[in-house]
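Before any comments, here is the structure.
Coordinate-derived values only; no laboratory data. Worth saying up front: this structure is predicted, and the values here are computed from it rather than measured. Backbone-built Cβ (ideal geometry, glycine too); neighbour counts: all protein chains shown.
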Amino acid sequence: MEQSISPIINAEDLLKLKHSSDIVLVDARAGINSQENYQKEHLKGARYVDLNQDLATVENDPSNGGRHPLPSVEKFSKILSKLGISPISHVVIYDDKNGSNAAARFWWMLRAIGHEKVEVLNGGLQAAIKVGFPVSSGIEVFKPTENYPISEWKLSQANIDEVEKARNNDENIVIDVRDKNRFDGLTEPLDLIAGHIPGAVNIPLSENLDEEGLFKSPDVLAEKYSEIVGDKKPENIIVHCGSGVTACHTLLAMDYAGIPIPKLYVGSWSEWSRNDCEMATKQKE
């Protein structure tokens with residue numbers, strides 16, 4: 001799947017496009033009071049997308065798919081229609097956590113249905129405000145589109161059984177992008193058990209960013225991830241996090257670096273740790 005534009009757009013470049021009718025700007029902030037914060041202040045013209053309601057189908061049992069399982073393609077088609085996104089839309093997504101909140105997840109989902117023109121705002125909301133992008137409040141009014149034609153998720157995913165096989169196979173690599181304290185089992189703010197998938201390697205997503213919270217250059221990221229994955233094929237690389245959201249930040253970084261997008265384990269630690277506690281470990285490896 002070739003991509004005609006960079007997956008990352010800088011705030012200065014977005015500012016030049018502020019009057020373009022071709023841009024669909026999406027606010028993907030997540031967490032407590034995210035929708036209220038959007039209504040208080042957002043980039044002018046941005047539509048709001050909700051992680052739990054729009055980018056996932058949250059079930060009562062995280063042991064089956066994790067805390068943020070993907071919605072059905074039928075549901076996602078309706079969400080895109082509600083947001084006014086069509087197959088020809090140029091979508092720019094931002095959040096307030098350097099892309100790691102839900103912007104990268106929405107980017108991955110769009111790429112996974114074959115959407116080409118989608119970018120994540122480098123530095124997010126804060127970077128755009130800093131360069132003078134106009135802000136607004138309240139709720140934006142826009143026209144929905146016809147249901148987006150989607151047949152399947154086209155980017156590769158791994159399920160829990162594949163992860164179990166991969167973690168014991170030298171031809172594979174399982175990458176955990178959570179911070180080191182969570183990986184080491186020293187803290188766990190969200191899931192029932194602290195620790196990590198045995199055999200996984202810890203490459204925190206924060207390492208994708210420089211001191212200013214912007215993505216490192218494609219060349220730097222390419223060198224970094226090429227050293228980590230070596231000559232492994234994309235289908236032999238599995239990336240995960242807590243619930244399949246922030247893992248997309250590393251998939252975005254790899255795509256930005258020109259590295260083929262590997263498999264996403266959507267269930268991630270939230271599914272793994274609940275599914276078989278004996279497979280979880282609190283010990284450093």
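Odds and ends about this structure:
- Chain lengthening between Asp219 and Thr187 when straightened (0.36 nm per residue, less Cα-Cα): 8.2 nm
- Loop sites in the range 147-243: GluC sites (Glu not before Pro), DSSP, at most 13 other Cβ within 10 Å: Glu152, Glu171, Glu211, Glu212
- Sequentially through the range 175-181, phi angles give Karplus couplings (6.51, -1.76, 1.60; θ = phi - 60°) of 9, 9, 9, 5, 5, 4, 5 Hz, Gly and Pro residues having no value and appearing as x.
- Charge dipole (debye, nearest 20) of the range 160-279; +1 at Cβ of Lys and Arg, -1 at Cβ of Asp and Glu: 120
- Gap separating the Cα centres of the range 194-250 and the range 34-80, nearest whole Å: 23
- Counted residue by residue at 0.36 nm each, then reduced by the alpha carbon distance between them, the extension gain from Ser21 to Asn52 reaches 8.3 nm.
- Each Cα pair of the range 8-136 feeds into the Kirkwood radius, which the Stokes-Einstein equation turns, at 37 °C and 0.692 mPa s, into a diffusion coefficient of 221 µm²/s.
- Most mobile listed residue (Asp13, Asp191, Asp50) in the chain, GNM with C-alpha springs under 10 Å: Asp13
- Unsatisfied cross-links (Cα-Cα over 23 Å) in the set Lys78/Lys263; Lys165/Lys232; Lys44/Lys75: Lys78/Lys263; Lys44/Lys75
- Candidates Ala253, Ala103, Ala166, ranked by Gaussian network fluctuation over the chain, Cα under 10 Å, top entry: Ala166
- log10 of Debye I(q)/I(0), alpha-carbon scatterers only, for the chain at 0.10 Å⁻¹: -0.50
- Under a Gaussian network description of the chain, with springs only between Cα atoms under 10 Å, the residue in Ile228, Ile175, Ile88 that fluctuates furthest is Ile88.
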